[in-house]
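A quick write-up on the structure given underneath.
The values are calculated or read from the model by the stated rules, or taken from the named source; none is laboratory data. Worth saying up front: this structure is predicted, and the values here are computed from it rather than measured. Please note: Cβ atoms are built from the backbone with ideal geometry, for glycine as well, and neighbour counts cover all protein chains shown. Calculation scope for accessible area: heavy atoms of the full protein, side chains included, ligands and nucleic acids excluded. Shrake-Rupley method; radii C 1.70, N 1.55, O 1.52, S 1.80 Å.
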Amino acid sequence: MARRYELITELYERTRAAVTSPQEWQKFLATACRNYKLPFDEQLLLFAQRPDATAVLEIERWNQQFGRWVNRGATGIAVFDRDAPGRARLKYYFDISDTHPGRFARRVPLWQVRVEHETEITEALENSFGELADKSSFAEALLSAAKNAAEDNLPDYLSELKYYKENSLLEELDDFNLEALYRNAVRNSVGYMLLARCGIDPSLHFTDDDFRGVIDYNTPQALNALGVATGDIGQMCLSEIARTVTALERQASLNRTVAELP
């Protein structure tokens, strides 16, 4: 077990260093957007081991909450067990693709944005994060929501970045330029997550140059400041989208049931 923990730690450190390239950061965001409720360190390890994972849980939760059973021979996704402070212990996630339904399986609440959802999602995001500057398309509305959410919440994270910029490529920046760089990186990262999770190709709206600043987050502390802010703000937006889609799908199902009644 100790050796396994060492191997996962080494994998984590390699992955953390690798994602500071613009290309790898975008690949990471494509994984993180599907697993937006996980903390940043777990998202990194998920990206390193199963970048195509869509929904992960521990085996006990698959069993108890959804009546699903892990397939024989499936390989768990190792992450650090933060519920055991002071102990070098791992826990394991399994993707939904590693499971199969039991006799009394319950539906897993995976959601997908459809064209008919777009207007309601746009309204919900505007209600939550303020007037959207551009609603000319659904993609632009998502990017405007990401911008609003990042600007509203970034002050909560900026003080940490100022503290941890030492020894990174950010160290020589004054407060004004540090904040501008941070805002741009978080805004673009959250925008990328929203587009990808809603089924829109982010490459139509972003290039590698939009993530060039990620290179400067070249220490564990600085990257953590970027990853945690991106994850937290991305989760705020994606949770709002998820609630809206779920409510719309529930209403549509109810309407179908009523229509089918004699």
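Are any residues in region 132-141 without any contact (Cβ under 8 Å) to a residue 60 or more places away in the chain and in a helix (DSSP H, G or I), and if so, which ones?
Result: Glu140, Ala141.
The conditions are (1) over 20 Å from Gln235 (Cβ atoms); (2) within 22 Å of the chain's Cα centre (by Cα), and Glu116 fails exactly one of them. Which is it?
For Glu116, the failing item is (2).
Would region 197-214 turn up any residue that is farther than 23 Å from Leu142 by Cα and modelled with pLDDT of 95 or more?
no
Six or more apart or on different chains, Cβ atoms under 7 Å: show the pairs whose first residue is in region 107-130 and among the hydroxyl-bearing types (Ser, Thr, Tyr) and whose second is surrounded by fewer than 16 Cβ atoms within 10 Å (Cβ to Cβ) and part of a helix (DSSP H, G or I).
none
Within region 146-262, which helices (runs of 4 or more DSSP H) (wholly inside it) include 3 or more residues that are in contact (Cβ under 8 Å) with a residue 24 or more places away in the chain, closer than 24 Å to Glu123 by Cα and acidic (Asp, Glu)?
Because the criterion is at least 3 residues that are in contact (Cβ under 8 Å) with a residue 24 or more places away in the chain, closer than 24 Å to Glu123 by Cα and acidic (Asp, Glu), the helices (runs of 4 or more DSSP H) in region 146-262 that meet it are 220-260.
Return the residue satisfying two criteria in turn: it lies in region 1-38 and is under 19 Å from Ala196 (Cβ atoms) and assigned to a loop (DSSP other than H, G, I, E, B), and of such residues it is most open to solvent (accessible area, probe 1.4 Å).
Among them, the one singled out is Lys37.
If only one of Tyr163, Tyr217 is surrounded by 20 or more Cβ atoms within 10 Å (Cβ to Cβ) and of a type outside the set (S, T, N, Q), which one is it?
That would be Tyr217, the only listed residue that is surrounded by 20 or more Cβ atoms within 10 Å (Cβ to Cβ) and of a type outside the set (S, T, N, Q).
If you scan region 54-89, which residues turn out to be of a type outside the set (Phe, Trp, Tyr), part of a strand (DSSP E or B) and within 21 Å of the chain's Cα centre (by Cα)?
Val56, Leu57, Glu58, Ile77, Ala78, Val79
For region 65-115, which positions are of a type in the set (A, V, I, L, M) and closer than 23 Å to Met193 by Cβ?
Ile77, Val79, Ile96, Val108, Leu110, Val113, Val115
Specify which of the listed residues (Asp152, Asp83) is open to solvent by 80 Å² or more (accessible area, probe 1.4 Å) and within 16 Å of Val190 (Cα to Cα). Even if it seems obvious, please write down each step before you answer.
Working: Asp83 fails: within 16 Å of Val190 (Cα to Cα).
Testing whether each residue is open to solvent by 80 Å² or more (accessible area, probe 1.4 Å) and within 16 Å of Val190 (Cα to Cα) leaves just Asp152.
Does region 57-78 hold any residues that are without any contact (Cβ under 8 Å) to a residue 60 or more places away in the chain and open to solvent by less than 20 Å² (accessible area, probe 1.4 Å), and which are they?
Listed by number, the residues that qualify are Trp62, Gly67, Gly76, Ile77.
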